[in-house]
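Trainee: This structure is in structure tokens; I'll ask about it shortly.
The values are calculated or read from the model by the stated rules, or taken from the named source; none is laboratory data. The model shown is predicted, which means the values in this text are computed figures rather than measured ones. Here the Cβ positions follow ideal geometry from the backbone for every residue, glycine too, while neighbour counts run over all protein chains shown.
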Amino acid sequence: MTVVIQTNGLGKRYGRQWALRDCTLGIPEGKVVGLVGPNGAGKTTLLNLAVGLLAPTCGAITVLGGPPSDGPAQLEKVGFVAQDTPAYAGLSVGKHLLMGSYLNANWNQELAKDRIDQLGLDPRQKAGSLSGGQRAQLALTMAIAKQPALLLLDEPVASLDPLARREFLQGLMEIVAEHAVSVVLSSHLIADLERVCDYLVLLVASHVQLAGEVTALLATHQRLSGPRRDPRSLPSSHEIIEESHTGKQSTFLVRTDQPILDPAWTVKPVTLDELVLAYMGRARNPSPGRRSGLGVAP
Amino acid sequence: MIRFAWLQFRMQAAVAAGALAIVAVVLALTGPNLVHLYDTTVASCAVHHDCPTATTDFTDTDGPLQVFLDFLLLTVPLLIGMFWGAPLISREFETGTFRLAWTQGVTRTRWLAVKLGLGAVASAAIAGLLSLMVSWWSSQLDYVSANPFDSLRFGIRDVVPIGYAAFAFALGLSAGLLFRRMLPAMLVALVGFVAAREAVTAWVRPHLFTPLQQSLPITTATPVSIDQTSPGVIKAFENTRGISLPGAWVYSVQIVDQAGHTPTTSFLSGACHLGNYGPLNPRDCTARLAATFHQLVTYQPGGRYWPMQWYELAIFLSGSIVLAGFCFWWIRRPVI
Amino acid sequence: MIEFQLDTTSGVATYLQLVQQVRQALQLGILEPGDQLPTAQQVVAKLAINPNTVLKAYRDLEREGLVRPRPGQGTFVVRTLPRSDPAAQGRFLASMTAWLQEARAAGLGPDDIEAIYRTAVRNSFAEGAA
């Protein structure tokens, strides 16, 4: 399987602060990847490294088989929508599309125009007077119309109201359905994750906590509840991600390849949201009593 | 990329072209009148024996416009540096649009090259056209005042403003790239350009060519002044304005003898008895001075005007190229 | 053409919901052999879900023999699901009502009954799929 983004021990430091550290990922092509994590976890840093706007402090990153932003051919193949969807306030919507056609060899003007019409944007309106949602749609249109192989979106829906957010995701999914494009979508919101993403990367505190296909992740995590138990009594094949105890009851979120055979357990499937929350909690408060390891899927 | 750079630059170019057109119209309307005035009054003033009045009247014509044009040529390079050069890249950083511009299908280097090239050419063109028009309009006025090397005048005529404009643009652009904020960049453009221009005017221009020296006899008309500079010391001075070398740049004039010595205090106190306001008998004093001493004038001849213009243009264009080189080097560093 | 709904709170995987809705539509006669299912593009444009989810659901349905893709044209229904026999439904309704009466007599409330029901359904269908 081809890998669109490959990182190896990638790290980025600002002064004494590590924005990203020990990041080793192999993101397969053709997926919609959710890059999730709290604010400041390193998501924007990773994406900016991938488009060559930042240089690594250590480690390496290859995008579509080459160094990021290494020449026009590479730049054409990657579409990027930055946080806050920057646009030239003095240029109209139509002029932005013109800009795209001037600067990208593979630009599809028809596609761009159709999308703008569909979205109800006025080509003569200056980008400075667009709403946040409209600007996000314009930025997405520009990234799409250059017909890239890889789309990187940095928190594109963070500042949108729910309707605008839904419309943005609808548009994005339509594009994914129509074109063979890999998407990496970063967000600090974890709602809507499961419906949109089929690959997940979780970043907390500058480190990768979890990475893998969503179906695989969901299949290998279970929520077990039953009578109060010492966590150490669980079989070693169960890796405990999260645990909570009341006087009489224990609940564990475990990761395991083995089927749960102990009849004392009530087994419930885990949703992606719960999974992400559990890993985020673990990253914030690693406790010595747990058997912990890096939650990275093979 | 060129089309895109033009797309962004169109408005500014239109404003500049419009302003230039207005100036052109004003000059076209008033220029022929000046020529006519010159032909009828100054050109024939010798015949009418009213040269001083005719000259003064002529040089006072359109006085406010003259001042305005001087001011315009003085400030245009500065404005270019502050309002075209400084915001070019710094605004991209401030608004975050560099994240849009540098993820399109052109490399950063090409992006910079086109924007820099277009801006520099436009700056040079604006300044050049303006200077051309004003130099044409002022030609008789300049001829009459006969001081082309005047430190102000030299920088607002002919080709030197082209270099100023290109340099100011490059400086503003570099500052914007380096500081990533528009106001600091504008400030650097302002201070840096003014400092550079003043530095070259004061320290480089006088030394571009070794000045010539010429001996002139002291006559009764020579405005020598004798004065006591400190207790027991008397010196002879002369103001360079007394020298009549049309079109030349007079650096200094000294009163010296054949051996190059200045008059001693004892000679001067003997030859010129001093009262409260200078020598009691100026004619006698000057006559005695003239016997032994002469004027030694250090100057640049008028013929060196154009070589010095080209040299100064070259200096500022080289400065622009160096700054451009810096920009190309700096922009490759993807550290933001 | 069937229109899909998504219940994000049910805890059921998205692709399963799509499969279930197609099956229900077949059972109720809303979909008949020859009808076209919405394209992945149409579904995601409305629901904002990953198109692979739709494709996965359609693949599952194809595996069950209910639908077949026609290259370049879309995915079409090829078989219908037997509507459950009303008589059979009546029988099961009767036996369930009897069971409920027993359960209530034993002191079980609606929540207990619901819990038992869900567990039984899950276990039964999980076994079936395994």
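For (1) within 13 Å of chain B (Cβ to nearest Cβ); (2) among the charged types (D, E, K, R); (3) farther than 30 Å from residue A:42 by Cβ; (4) surrounded by 20 or more Cβ atoms within 10 Å (Cβ to Cβ), each residue gets a yes or a no:
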residue: A:76; (1), (2), (3), (4): yes, yes, no, yes
residue: A:82; (1), (2), (3), (4): yes, no, no, yes
residue: A:113; (1), (2), (3), (4): no, yes, yes, no
residue: A:132; (1), (2), (3), (4): no, no, no, no
residue: A:142; (1), (2), (3), (4): yes, no, no, yes
residue: A:146; (1), (2), (3), (4): yes, yes, no, yes
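Trainee: Please work out which one of (1) crowded, with 16+ Cβ neighbours inside 10 Å; (2) within 21 Å of residue A:169 (Cα to Cα) is the condition residue C:25 fails and give its number.
Mentor: (2)
Trainee: Restricting attention to the range A:171-194, which residues are assigned to a loop (DSSP other than H, G, I, E, B) and either closer than 28 Å to residue C:72 by Cα or of a type in the set (A, V, I, L, M, F, W, C) (or both)?
Mentor: Selection gives A:179, A:180, A:181, A:189, A:190, A:191.
Trainee: Going residue by residue through the range B:96-103, is there one that turns out to be within 14 Å of another protein chain (Cβ to nearest Cβ), buried (at least 23 other Cβ atoms within 10 Å of the Cβ), polar (S, T, N, Q) and closer than 30 Å to residue A:143 by Cβ?
Mentor: Looking through the range B:96-103, at least one residue is within 14 Å of another protein chain (Cβ to nearest Cβ), buried (at least 23 other Cβ atoms within 10 Å of the Cβ), polar (S, T, N, Q) and closer than 30 Å to residue A:143 by Cβ.
Trainee: Please find, within the range A:90-109, the residue that is surrounded by the most Cβ atoms within 10 Å (Cβ to Cβ) out of those that are in a loop (DSSP other than H, G, I, E, B) and more than 7 Å from chain B (Cβ to nearest Cβ).
Mentor: Ranking the qualifying residues of the range A:90-109, first place goes to A:107.
Each row is one residue, and each column tells you yes or no for (1) touching a residue at least 12 places away in the same chain (Cβ under 8 Å); (2) over 19 Å from residue B:103 (Cα atoms).
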{"residue": "A:98", "(1), (2)": "no, no"}
{"residue": "A:123", "(1), (2)": "yes, yes"}
{"residue": "A:130", "(1), (2)": "yes, yes"}
{"residue": "A:141", "(1), (2)": "yes, no"}
{"residue": "A:146", "(1), (2)": "yes, no"}
{"residue": "A:150", "(1), (2)": "yes, no"}
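Trainee: Give me the pairs, please: first residue somewhere in the range B:1-20 and in contact (Cβ under 8 Å) with a residue 40 or more places away in the chain, second residue anywhere and among the basic types (Lys, Arg), beta-carbon distance under 7 Å, and either six or more positions apart or on two chains.
Mentor: B:1/B:110; B:5/B:115
Trainee: Shifting gears a bit: Output the residues belonging to the range B:52-67 that are free of Cβ contacts under 8 Å to residues at least 24 places away in the same chain and either aromatic (Phe, Trp, Tyr) or surrounded by fewer than 16 Cβ atoms within 10 Å (Cβ to Cβ) (or both).
Mentor: Those that are free of Cβ contacts under 8 Å to residues at least 24 places away in the same chain and either aromatic (Phe, Trp, Tyr) or surrounded by fewer than 16 Cβ atoms within 10 Å (Cβ to Cβ) (or both): B:52, B:53, B:56, B:57, B:60, B:63, B:64, B:67.
Trainee: Just give me the residues in the range B:217-251 being touching a residue at least 60 places away in the same chain (Cβ under 8 Å), buried (at least 18 other Cβ atoms within 10 Å of the Cβ) and not in a loop (DSSP other than H, G, I, E, B), in sequence order.
Mentor: Within the range B:217-251, B:224, B:249 qualify.
Trainee: Which of the residues belonging to the range B:267-289 are closer than 30 Å to residue B:150 by Cβ and not in a strand (DSSP E or B)?
Mentor: B:282, B:286, B:289, listed by residue number.
Trainee: Output the residue which, of all residues in the range A:188-242 that are of a type in the set (A, V, I, L, M, F, W, C) and surrounded by fewer than 17 Cβ atoms within 10 Å (Cβ to Cβ), is modelled with the lowest pLDDT.
Mentor: A:191
Trainee: Determine if the range A:200-221 includes at least one residue that is closer than 30 Å to residue A:247 by Cα, away from chain C (no Cβ under 13 Å), touching a residue at least 60 places away in the same chain (Cβ under 8 Å) and not in a strand (DSSP E or B).
Mentor: Yes, there is a match, as at least one residue in the range A:200-221 is closer than 30 Å to residue A:247 by Cα, away from chain C (no Cβ under 13 Å), touching a residue at least 60 places away in the same chain (Cβ under 8 Å) and not in a strand (DSSP E or B).
Trainee: Listed residues A:35, A:25, A:20, A:10; which is surrounded by fewer than 20 Cβ atoms within 10 Å (Cβ to Cβ), among the hydrophobic types (A, V, I, L, M, F, W, C) and in contact with a helix residue (DSSP H, G or I) (Cβ under 9 Å, 6 or more places away or on another chain)?
Mentor: A:25
Trainee: Evaluate the following for residue B:141: is it more than 13 Å from the chain's Cα centre (by Cα) and either part of a strand (DSSP E or B) or not β-branched (Val, Ile, Thr) (or both)?
Mentor: Yes: the conditions hold for residue B:141.
Trainee: Here's a follow-up. So, in the range A:115-125, of the ones that are surrounded by fewer than 16 Cβ atoms within 10 Å (Cβ to Cβ) and either in contact with a helix residue (DSSP H, G or I) (Cβ under 8 Å, 6 or more places away or on another chain) or closer than 21 Å to residue A:176 by Cβ (or both), which residue ends up nearest to the other protein chains (Cβ to nearest Cβ)?
Mentor: A:118
Trainee: Just checking, which of C:76, C:92 is within 30 Å of residue A:29 (Cα to Cα) and aromatic (Phe, Trp, Tyr)?
Mentor: C:76
Trainee: Identify the residue in the range A:127-149 that is outside any helix (DSSP H, G or I) and farther than 30 Å from residue A:73 by Cα and, among all such residues, is modelled with the lowest pLDDT.
Mentor: A:131
Trainee: Hey, among the residues in the range B:109-139 that are closer than 17 Å to residue A:100 by Cα and surrounded by fewer than 19 Cβ atoms within 10 Å (Cβ to Cβ), which one's nearest to the other protein chains (Cβ to nearest Cβ)?
Mentor: Per the stated criteria, the residue is B:110.
Trainee: Using the structure shown, decide if residue B:157 is more than 14 Å from chain A (Cβ to nearest Cβ), within 19 Å of residue B:315 (Cα to Cα) and outside any helix (DSSP H, G or I).
Mentor: yes
Trainee: Same structure again: Of everything in the range A:38-60, what is touching a helix residue (DSSP H, G or I) at 6+ places or on another chain (Cβ under 8 Å) and more than 12 Å from chain B (Cβ to nearest Cβ)? Give them in sequence order.
Mentor: A:38
Trainee: Could you list, in sequence order, all residues of the range A:243-266 that are outside any loop (DSSP other than H, G, I, E, B) and either in contact with a Lys or Arg (Cβ under 7 Å, 6 or more places away or on another chain) or loosely packed, with under 10 Cβ neighbours inside 10 Å (or both)?
Mentor: A:245, A:249, A:250, A:251, A:253
Trainee: Kindly provide the set of residues from the range A:150-170 that are surrounded by fewer than 21 Cβ atoms within 10 Å (Cβ to Cβ), in a helix (DSSP H, G or I) and out of contact with any Gly (no Cβ under 9 Å at 6 or more places or on another chain), ordered by number.
Mentor: A:162, A:166, A:170
Trainee: Any chance the range B:23-44 includes a residue that's surrounded by fewer than 18 Cβ atoms within 10 Å (Cβ to Cβ), touching a Leu at 6+ places or on another chain (Cβ under 9 Å), among the small types (Gly, Ala, Ser) and at pLDDT 90 or above?
Mentor: Yes, the conditions are met somewhere in the range B:23-44.
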